[in-house]
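Each value in this text was obtained by applying a stated rule to the coordinates, not by laboratory testing. The structure presented is a predicted model; accordingly, all values stated were derived computationally and were not measured. For neighbour counting, all protein chains shown are included, and Cβ atoms are generated from backbone atoms with ideal geometry for every residue, glycine included.
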Amino acid sequence: MKTEDLIAALAADGATVETPPARRAGTALLVGALIAAVVFAVLIGPRPDWRAAIETVRFPFKFVPFVLLAIGGIGGLIRLSRPDGRLGVFAAILALAAGLLLGSVVVELAVVPADRWARLAIGHNAPHCLTLTPFLAIAPLAAALLAARHGATTRPALTGAVAGLAAAGVGATLYAMNCTDDSPLFVALWYPLAVAIVAGAGALFGRRLLVW
């Protein structure tokens, strides 16, 4: 082979190097999250009193578990997109999100009179939470699954479920800006149900779309 031909072949190989899985998954989730944010801004919007609510404790804390859920989900998705991948440290992040949510419930039960527990847990926005959170998670979930298709997962259902957790984290974070129910009793009851819907959809689609 001539030197010129060798250089051309190497250049061609370099031009076809695939994007690293982490970058692909991160970019896909970012695009999906941006689409969801635009949909939220145009169709839903933040609650009218968000400026006053942000000065409280309950409203800002509502975002913490679901931001962690999104972080743990995207990190776990990247790991699981590789053959024999494991969640690793991202399992701990997902557990931390759940632990913070449960901890906030314990604090709420300690400071709020028992006769108010049921009313706070039921809240006023349960139907919105169960519909808008999955709705806002559609674009991130589709983007995450599309990115995962370029990987080589050996556990498609689990990978799809983790993609659903990442997407649900995005959807729940956005919806929390609109929701006027700030009690951890409400958040710990209805938000996880919405997250479970998205994770279940992710597992279902992952089983079908992520098989080699």
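Return only the number of the condition from (1) in contact (Cβ under 8 Å) with a residue 60 or more places away in the chain; (2) of a type in the set (D, E, K, R); (3) under 30 Å from LEU210 (Cβ atoms); (4) assigned to a helix (DSSP H, G or I) that ARG79 does not satisfy.
Against the list (1) in contact (Cβ under 8 Å) with a residue 60 or more places away in the chain; (2) of a type in the set (D, E, K, R); (3) under 30 Å from LEU210 (Cβ atoms); (4) assigned to a helix (DSSP H, G or I), ARG79 comes up short only on (1).
Give the residue that is nearest to the chain's Cα centre (by Cα), with candidates limited to residues of region 110-128 that are loosely packed, with under 13 Cβ neighbours inside 10 Å and not basic (Lys, Arg).
It comes out as PRO127.
Residues that are among the charged types (D, E, K, R): list the helices (runs of 4 or more DSSP H) wholly contained in region 103-212 that include at least 1 such residues.
117-122, 184-209
So PRO184 ticks every box in (1) surrounded by fewer than 24 Cβ atoms within 10 Å (Cβ to Cβ); (2) touching an Asp or Glu at 6+ places or on another chain (Cβ under 7 Å) but one. Which box is left unticked?
Condition (1) is where PRO184 drops out.
Can you report the number of residues in region 49-68 which are assigned to a helix (DSSP H, G or I), hydrophobic (A, V, I, L, M, F, W, C) and out of contact with any Asp or Glu (no Cβ under 9 Å at 6 or more places or on another chain)? If you could, list the steps in order and put the result at the bottom.
Kept after step one, since they are assigned to a helix (DSSP H, G or I), are these residues of region 49-68: 50-53, 58-61, 63-68.
Now restrict to residues that are hydrophobic (A, V, I, L, M, F, W, C): 50, 52-53, 59, 61, 63-64, 66-68.
The next check asks that each one be out of contact with any Asp or Glu (no Cβ under 9 Å at 6 or more places or on another chain); those that pass are 50, 52, 63-64, 66-68.
Selection size over region 49-68: 7.
Quick grid of which residues meet (1) over 20 Å from MET177 (Cα atoms); (2) without any contact (Cβ under 8 Å) to a residue 60 or more places away in the chain:
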residue: VAL64; (1), (2): no, yes
residue: LEU68; (1), (2): no, no
residue: ILE71; (1), (2): no, no
residue: ALA91; (1), (2): yes, yes
residue: LEU109; (1), (2): yes, no
residue: TRP117; (1), (2): yes, no
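Select from region 134-158 the residues that are among the aliphatic types (A, V, I, L, M) and buried (at least 19 other Cβ atoms within 10 Å of the Cβ) and list them in ascending order.
Within region 134-158, LEU136, ALA137, ALA139, LEU141, ALA143, ALA144, LEU145, ALA147, ALA148, LEU158 qualify.
Take the residues of region 48-97 that are of a type in the set (Phe, Trp, Tyr) and surrounded by fewer than 18 Cβ atoms within 10 Å (Cβ to Cβ): which is nearest to LEU136 (Cα to Cα)?
Filtering region 48-97 for residues that are of a type in the set (Phe, Trp, Tyr) and surrounded by fewer than 18 Cβ atoms within 10 Å (Cβ to Cβ), the one nearest to LEU136 (Cα to Cα) comes out as PHE63.
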